[in-house]
Amino acid sequence: VAGDIHAEVLVLGAGPGGYTAAFRAADLGKQVVLIERWPTLGGVCLNVGCIPSKALLHAAKVIDETQDMGNHGIRFTDPTIDLDALRSWKDGVVKKLTGGLTGLAKQRKVNVVSGFGRFISLNQVEVEQADGSKKVVTFDQAIIAAGSEPVTLPFIPHDDPRVIDSTGALELGGIPKRLLVLGGGIIGLEMATVYHALGSKVTIVELMDQIIPGADKDIVTPLMKRIKKKYENIHLKTKVTKVEATEAGLVAHFEGGSAPETDTFDRVLVAVGRRPNGRTIGAENAGVAVDERGYIAVDKQMRTNVAHIYAIGDVVGQPMLAHKAVHEGRVAAEAAAGKNSFFDAKVIPSVAYTDPEVAWVGPTENELKAKGVKYGKGVFPWAASGRSLSLGRDEGITKILFDETTDRIIGCGIVGPSAGDLIAEAALAIEMGADAEDIGLTIHPHPTLSETMGMAAEVFEGTITDLY
Ligand code: FAD
């Protein structure tokens, strides 16, 4: 069937997965069409996710650190917050990156088509442009990179402007006096960090018995301790059953835990997870199987049940993280170009960019216990790290999990400032099959937080006992 445009490789969605796949396929000599409904490239991560949140978290960190220094002899006056200037700085950071992507697409002659794409057959996608006009792109092979969107809840008035999701929170529409964050996962806690630093009184409500339920409790505890002192309330094992929009505010109804029956907030941030966009792209018209939640199953080459159609990123499953999407995007592009590439990562690190940061990679202790795996661990408390103390912080922990028979590292959890950067060493060690001795004998620079990795390995080996 003749279409308006033909692609050797069509990529649907220009997030971290999609633009990586598009660029890699173009570099391998393919004619690529990249379809994106938003005006800029970069997807959730660059526009309304990883990057703007990290810019605002940096601002929050500066505020928090100036406050902390008050206890150590340097007192600053309270910050004056120019929300418009902060917003433009954050927008500028995003624009630099998304603009850069447009340049990179041009350099590679990737044809970017704006509009909402839906499969209409096994080898056609119809793109509806902003003005309502439609184009058809035919393709030899396609890569679905349609990402995910925030979950909404039926008992919450999402049409009230005071109810926001992460995108709304990043818009910085104002600083609410009292903010309720629904969901104690990574995204909710990062936004809580920002708004607390900007002056909001924050309440967090979480269904499970700990914040960041995916991580081991011991590495979450230092974060919990710190924010418990700062935030108005943290309600664990608590359900929000209803939010009512009234003139006086948003009235949240709670069930369980330590929460009152109701409480009134100026704004409610709903951060209870993200759902994949698999059911919105007409996948059925191409015969691509999508499960009832919207996920698309793929093999190790990122191929769907339809041999010439691949899928990558948030739409193929957890963890919904940009670095996973990027690696999957590269594999899909290479496979589409005939290369024998596979997605074969042993582990994918997760990071909460809270203060302190919480990072983990590989199975957690909870997961190992549930599976009955025998493991050993080395735990190094940062109270014995000179660098940590000189940052004015001593609550961190580096914990490495080892296979009991081979001494090989299988997992790692770190909490403390810069934990997200430190976890990369553990990911590399796991990929390379390093054992405790390899890590312990590696000379880490002194005084750095990275030394805590070597120390944790030595604790496991029993080669240091006296931490001071
Ligand atoms: P997405 O980034 O979701 O991109 C999908 C793209 O497809 C979008 O641009 C969308 O407009 C487009 N699209 C969808 N359907 C269509 C269609 N039918 N037609 C045309 N275009 C379409 N991850 C991290 O690793 N680190 C972080 O620090 C981090 N922070 C985050 C903070 C927040 C607030 C949020 C919300 C997410 C964060 N994430 C983070 C997650 C990360 O953003 C996602 O995992 C990542 O963006 C997924 O990439 P993707 O390519 O699968 O899809």
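The values are calculated or read from the model by the stated rules, or taken from the named source; none is laboratory data. These numbers were taken from a predicted model, which means no experiment stands behind them. Cβ placement follows ideal geometry from the backbone for every residue including glycine, while neighbour counts extend to all protein chains displayed.
Which residue pairs have Cβ atoms closer than 7 Å, lie 6 or more positions apart in sequence or on different chains, and pair a first residue in segment 53-72 that is closer than 17 Å to Arg226 by Cβ with a second residue that is within 16 Å of the ligand (Cβ to nearest atom) and among the acidic types (Asp, Glu)?
Once the first residue is closer than 17 Å to Arg226 by Cβ and sits in segment 53-72, its partners that are within 16 Å of the ligand (Cβ to nearest atom) and among the acidic types (Asp, Glu) give Leu57/Glu190; Lys61/Asp355; Asp64/Asp355.
Being among the small types (Gly, Ala, Ser) and more than 16 Å from the ligand (Cβ to nearest atom) is the filter here, so list the residues in segment 116-168 that pass it.
Answer for segment 116-168, where residues must be among the small types (Gly, Ala, Ser) and more than 16 Å from the ligand (Cβ to nearest atom): there is none.
So how many residues does segment 248-295 have that are part of a strand (DSSP E or B), hydrophobic (A, V, I, L, M, F, W, C) and within 30 Å of Tyr310 (Cβ to Cβ)?
Total meeting the criteria: 1.
(1) under 26 Å from Trp360 (Cβ atoms); (2) outside any loop (DSSP other than H, G, I, E, B): which one isn't true of Val240, the others all being true?
Exception for Val240: condition (1).
Restricting attention to segment 332-344, does a residue exist that is within 13 Å of the ligand (Cβ to nearest atom) and surrounded by fewer than 23 Cβ atoms within 10 Å (Cβ to Cβ)?
no
Restricting to segment 296-305, what's the tally of residues that are in a loop (DSSP other than H, G, I, E, B) and either within 13 Å of the ligand (Cβ to nearest atom) or crowded, with 20+ Cβ neighbours inside 10 Å (or both)?
Qualifying residue count for the region: 3.
Give the residue that is farthest from Thr167 (Cα to Cα), with candidates limited to residues of segment 258-293 that are free of Cβ contacts under 8 Å to residues at least 24 places away in the same chain and buried (at least 17 other Cβ atoms within 10 Å of the Cβ).
Here the answer is Val290.
Does Thr138 count as in contact with a strand residue (DSSP E or B) (Cβ under 6 Å, 6 or more places away or on another chain) and either small (Gly, Ala, Ser) or not in a helix (DSSP H, G or I) (or both)?
yes
For Gly184, work out the one condition from (1) in contact with a strand residue (DSSP E or B) (Cβ under 6 Å, 6 or more places away or on another chain); (2) at negative phi; (3) within 14 Å of the ligand (Cβ to nearest atom) it doesn't fulfil.
It fails just one condition, (3).
One line per residue, one yes/no per condition, for (1) modelled with pLDDT of 95 or more; (2) within 26 Å of the chain's Cα centre (by Cα); (3) of a type in the set (S, T, N, Q):
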position	(1), (2), (3)
Thr102	yes, yes, yes
Ser114	yes, yes, yes
Phe119	yes, no, no
Ile144	yes, yes, no
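For residues that are more than 12 Å from the ligand (Cβ to nearest atom) and of a type in the set (A, V, I, L, M, F, W, C), scanning just segment 279-295, find the one that is nearest to Arg118 (Cα to Cα).
The selected residue is Ala286.
Considering segment 306-328 alone, what residues qualify as being within 7 Å of the ligand (Cβ to nearest atom) and crowded, with 24+ Cβ neighbours inside 10 Å?
Listed by number, the residues that qualify are Ile312, Gly313, Asp314, Val315, Ala325.
Determine if segment 268-285 includes at least one residue that is touching a helix residue (DSSP H, G or I) at 6+ places or on another chain (Cβ under 6 Å) and farther than 27 Å from Ala345 by Cβ.
yes
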